[in-house]
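Below is one structure; the comments refer to it alone.
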Amino acid sequence: MSFATQLAALPEGTFTGLVHGRRYVVTKSSFSNGKSVKLVAEELGGTDYISLNWYDLARGSVVKPCEMPEAKVRAFVDVLVVAP
């Protein structure tokens, strides 16, 4: 599944997610009819933090992590599960 598809499948707003057994509070905000997405996640009871912007541009989609490696945000979204 592509990064864009995985990101689109996540719910809008704030929710709790699981990554490798760790709980995160995650906020996803979409703009411009889904052509731009901001995702922020903070580990509950820990120090991990994820922040990214994603853009669907005419030349293709672009991931812009905020002060962290792109591989980290891609790996996070790849395994993020919405907690029940």
Quiz prompt | Of residues in the range 24-35 being more than 9 Å from the chain's Cα centre (by Cα) and buried (at least 16 other Cβ atoms within 10 Å of the Cβ), the one nearest to residue 82 (Cα to Cα) | solution = 24
Exercise. For the range 36-47, enumerate the residues that are of a type outside the set (A, V, I, L, M, F, W, C) and surrounded by 14 or more Cβ atoms within 10 Å (Cβ to Cβ).
Key: 36, 38, 42, 43
Quiz prompt | Test: residue 25 is free of Cβ contacts under 8 Å to residues at least 12 places away in the same chain and part of a strand (DSSP E or B) | solution = no
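Starting from residues that are touching a residue at least 12 places away in the same chain (Cβ under 8 Å) and of a type in the set (Val, Ile, Thr), keep the ones in the range 29-47 and report whichever is nearest to residue 4 (Cα to Cα). Give the derivation first.
Step one: list which residues in the range 29-47 are touching a residue at least 12 places away in the same chain (Cβ under 8 Å), which gives 29-30, 34-46.
Narrowing the set further to residues that are of a type in the set (Val, Ile, Thr) leaves 37, 40.
On the way: 37: 10, 40: 16 Å.
Here the answer is 37.
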Quiz item: When the range 48-84 is examined, which residues are found to be open to solvent by 70 Å² or more (accessible area, probe 1.4 Å), assigned to a helix (DSSP H, G or I) and in contact (Cβ under 8 Å) with a residue 12 or more places away in the chain?
Solution: 72, 74, 78
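The values are calculated or read from the model by the stated rules, or taken from the named source; none is laboratory data. These numbers come from a predicted model, not from an experiment. All Cβ positions, glycine included, derive from the backbone under ideal geometry; neighbour counts span all protein chains shown. Each accessible area value is taken on the protein alone, full model and side chains, heavy atoms only, with ligands, DNA and RNA left out. Shrake-Rupley method; radii C 1.70, N 1.55, O 1.52, S 1.80 Å.
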